[in-house]
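A.B. asks: Next up is a structure, given as structure tokens.
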Amino acid sequence: MTDSQANWTAAGHGVPHSVDVNPETGVLAAGIHLPPGFRDVAEDPEFGPAISQGMAKVEKLLLDAVANSDPLIDATSRHLVEAGGKRIRPLLVLLSSLLGEGVGDSVIKAAAIVELTHLATLYHDDVMDSAPYRRGAPTAHEVWGNSVAILTGDLIFARASVIGSELGPDAVNLQARTFERLCLGQLHETVGPREGQDAVEHYLQVIADKTASLLSTAGVFGAIFGKAEVHREVMRDYGEKVGVAFQLADDVIDVTGAQVRSGKTPGTDLREGVPTLPVLLLRKDAAVGDESARAVLALVDGDLASDEALAAAVRALAEHPVTGRAWAVARAWADDALAALAPLPDGPVKSSLAAFADAVVTREL
């Protein structure tokens, strides 16, 4: 190793095996706010502290995992970690672990893996979508350029993989298969449905791969490393279904003006030409001669560069029956997620998972 190389931190090196946070000082824990969907477990005298302190440890591990002695790499890697976020995926890992022995060091590492994997995909997604902002901050490619943003995403995924290697072959295999689904989902979204393939069916598979796969893995990770293997398949099924519901609700939020609660600017997907369920249903109706659908579609497919044109398209789509039908589809997936929980024992963990499934479609997150 050269002298210059010695000053660099390799991927994953320097991540401590112990990520304990002093419970008396509450370092980091004060910044952890659990979504309303986790209220039952948050108020439980045993599980509440386990989740709060566990999330503080996850946050510390995330920061340690992306740290680098090179100032540029450190800045680009920390960019999205420090921008915050709901941390839904690591929360699900911790909650699932409470079905067994609870939040230990392996569970903390598993939670960090799913969040790092998620963050890595965001760097890539923002480049592909030419998105100017993420979580209220300029996207990495806007600050440092496309190449740096893409390579930063790769680096963060590598660091997630290093942590996974510490947990053994099960973790490595599951993370690899999940990343494969994430990539396939993005590819299928990019190329669009095959000739003759139903557009809605294609889209549901895309969001299952792009969004639900990682939530499913989060549930499985918690079951595995919380030593609740008996619930592994339940959590896989639940995570998959609640993940689809989560993304479908995002689709509708884009056209209902629910900016205050979701933090998402109405019409973003419309302006960027992203296919979402309300628009796909609108196209189906227009194709079979629905004149009201054709009128709204003319606005949606028009020039949405101006705020006025975008607002008109959002308003028209929100008022059309397809938006209500899209809500119903999201609700149905959330109900399926609730039904998947039936085999779990009653208690605050099960009730919190149920409340979370409801929260993803009411957006009380």
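A.B. asks: Quick one: which of ALA334, ALA340 is in contact with an Asp or Glu (Cβ under 6 Å, 6 or more places away or on another chain) and closer than 30 Å to VAL220 by Cα?
C.D. replies: ALA340
A.B. asks: For the range 310-363, enumerate the residues that are more than 30 Å from LEU297 (Cα to Cα) and not in a helix (DSSP H, G or I).
C.D. replies: LEU341, ALA342, PRO343, LEU344, PRO345, ASP346, GLY347
A.B. asks: For the range 79-100, how many residues are touching a helix residue (DSSP H, G or I) at 6+ places or on another chain (Cβ under 9 Å) and surrounded by fewer than 17 Cβ atoms within 10 Å (Cβ to Cβ)?
C.D. replies: Residues in the range 79-100 being touching a helix residue (DSSP H, G or I) at 6+ places or on another chain (Cβ under 9 Å) and surrounded by fewer than 17 Cβ atoms within 10 Å (Cβ to Cβ): 3 in total.
A.B. asks: While we're on this one: Condition first: of a type outside the set (Gly, Ala, Ser), open to solvent by 20 Å² or more (accessible area, probe 1.4 Å) and more than 19 Å from the chain's Cα centre (by Cα). Can you find one or more residues in the range 348-357 that meet it?
C.D. replies: Scanning the range 348-357, I find at least one residue that is of a type outside the set (Gly, Ala, Ser), open to solvent by 20 Å² or more (accessible area, probe 1.4 Å) and more than 19 Å from the chain's Cα centre (by Cα), so the answer is yes.
A.B. asks: Among the residues that make up the range 249-258, is at least one of them modelled with pLDDT of 90 or more and assigned to a loop (DSSP other than H, G, I, E, B)?
C.D. replies: No, every residue in the range 249-258 fails to be modelled with pLDDT of 90 or more and assigned to a loop (DSSP other than H, G, I, E, B).
A.B. asks: Here is a follow-up. Looking at the range 106-126, can you tell me whether even one residue there is surrounded by fewer than 19 Cβ atoms within 10 Å (Cβ to Cβ), touching a residue at least 24 places away in the same chain (Cβ under 8 Å) and under 25 Å from TYR203 (Cα atoms)?
C.D. replies: Yes, because at least one residue in the range 106-126 is surrounded by fewer than 19 Cβ atoms within 10 Å (Cβ to Cβ), touching a residue at least 24 places away in the same chain (Cβ under 8 Å) and under 25 Å from TYR203 (Cα atoms).
A.B. asks: Here is a further query. Give the residues of the range 128-170 that are among the β-branched types (Val, Ile, Thr) and surrounded by 20 or more Cβ atoms within 10 Å (Cβ to Cβ), sorted by residue number.
C.D. replies: Within the range 128-170, THR139, THR152, ILE156, ILE163 meet the criteria.
A.B. asks: What number goes with the only condition from (1) surrounded by fewer than 20 Cβ atoms within 10 Å (Cβ to Cβ); (2) closer than 26 Å to ARG87 by Cβ that GLY243 does not pass?
C.D. replies: That leaves (1) as the condition not met.
A.B. asks: Okay, moving on. Mind checking which residues of the range 162-190 are among the polar types (S, T, N, Q) and within 18 Å of the chain's Cα centre (by Cα)?
C.D. replies: GLN175, THR178, GLN186 - these are the residues of the range 162-190 that are among the polar types (S, T, N, Q) and within 18 Å of the chain's Cα centre (by Cα).
A.B. asks: While we're on this one: Out of VAL322, VAL329, which single residue is open to solvent by 10 Å² or more (accessible area, probe 1.4 Å), in contact (Cβ under 8 Å) with a residue 12 or more places away in the chain and farther than 24 Å from GLU233 by Cβ?
C.D. replies: Criteria check complete, one pass: VAL329.
A.B. asks: If a residue has to be of a type outside the set (Lys, Arg), open to solvent by 50 Å² or more (accessible area, probe 1.4 Å) and within 18 Å of VAL314 (Cβ to Cβ) to count, how many in the range 276-300 make the cut?
C.D. replies: Residues flagged as of a type outside the set (Lys, Arg), open to solvent by 50 Å² or more (accessible area, probe 1.4 Å) and within 18 Å of VAL314 (Cβ to Cβ) within the range 276-300 amount to 4.
A.B. asks: Find the residue count for the range 285-309, including only residues that are farther than 17 Å from PRO275 by Cα and assigned to a loop (DSSP other than H, G, I, E, B).
C.D. replies: So the answer is 5.
A.B. asks: Taking the stated definitions as given, is GLY37 in contact with a helix residue (DSSP H, G or I) (Cβ under 7 Å, 6 or more places away or on another chain), among the small types (Gly, Ala, Ser) and modelled with pLDDT of 80 or more?
C.D. replies: Criteria not met by GLY37.
A.B. asks: Within the range 45-65, restricting attention to residues that are at pLDDT 90 or above and open to solvent by less than 40 Å² (accessible area, probe 1.4 Å), which residue is nearest to ILE156 (Cα to Cα)?
C.D. replies: Top of the filtered list is ALA65.
A.B. asks: Tell me the residue from ARG236, ARG271 that is open to solvent by 10 Å² or more (accessible area, probe 1.4 Å), touching a residue at least 12 places away in the same chain (Cβ under 8 Å), in contact with a helix residue (DSSP H, G or I) (Cβ under 6 Å, 6 or more places away or on another chain) and under 14 Å from LEU92 (Cα atoms), please.
C.D. replies: Within the list ARG236, ARG271, the selection yields ARG236.
The values are calculated or read from the model by the stated rules, or taken from the named source; none is laboratory data. The shown structure was predicted, so the numbers you read here are calculated from the model rather than taken from an experiment. We place every Cβ from the backbone using ideal geometry, glycine too, and count neighbours over all the protein chains shown. The accessibility values were calculated without ligands, DNA or RNA, using every heavy atom of the protein model including side chains. Shrake-Rupley method; radii C 1.70, N 1.55, O 1.52, S 1.80 Å.
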